[in-house]
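Below you'll find the structure, written out as structure tokens, and then a few comments.
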């Protein structure tokens, strides 16, 4: 229990004051996470639900894909290279992706579906071979550890390659002279 005169009470009071005085633009991330959670919840519960629920889930999924394509796809590159505020990042991302929606959506879908299939194949092979070599796939076993490490490594590779591809797409969309789409030299 926190007493009114303890150091913990003072820290809690400062934290609450910070939350009350915080910039309202900081609510963007929690709103986006809530939207993600609502889409995921709706997708998981739409099967066997009335048709109206399925339609709402499809509309939410379409809105999610639209926003991912128009804003999120180049937002990290805009934030990194242009160093501006969150609302300016959204406006700039929107402007950059204008007229390129279908190509960006196609790229994202093909990439995510393709890498999802590749990851599934790798994890399936490792999940089949590892128990033969290291024993049953029980919780906290060597087999489970190897499978988790391979899955994390595959996922990390997919994310890094996607980030590089989106940065290259940003450079192409921005057509900035100082941002050349090339691999950096090692100096040798």
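Length available on full extension from residue 91 to residue 122: 0.36 nm per residue minus the Cα-Cα distance, which gives 7.3 nm. Length available on full extension from residue 172 to residue 52: 0.36 nm per residue minus the Cα-Cα distance, which gives 39.1 nm.
Once the chain from residue 40 to residue 138 is taken as fully extended at 0.36 nm per residue, the excess over their C-alpha distance is 32.4 nm.
The calculated FRET efficiency for the pair residue 14 and residue 159, based on their C-beta separation and a Förster distance of 30 Å, comes to about 0.25. Would you mind classifying the stretch 33-164 by shape? Square roots of the alpha carbon gyration tensor eigenvalues, ordered a ≥ b ≥ c; an a/c under 1.5 is rounded, otherwise it is prolate if a/b is larger than b/c and oblate if not. The shape class here is oblate. Of the residues 140, 60, 68, the one with the fewest other Cβ atoms within 10 Å heads the list, and the complete ranking is 140, 68, 60. Prolate is the label for the stretch 100-175, because a/c, from the alpha-carbon gyration tensor with a ≥ b ≥ c as root eigenvalues, is 1.5 or above and a/b exceeds b/c.
Each reported figure results from applying straightforward, stated rules to the coordinates on display, with no laboratory input. The model shown is predicted, which means the values in this text are computed figures rather than measured ones. So basically every Cβ, Gly included, is an ideal-geometry build from the backbone, and we count neighbours across all protein chains shown.
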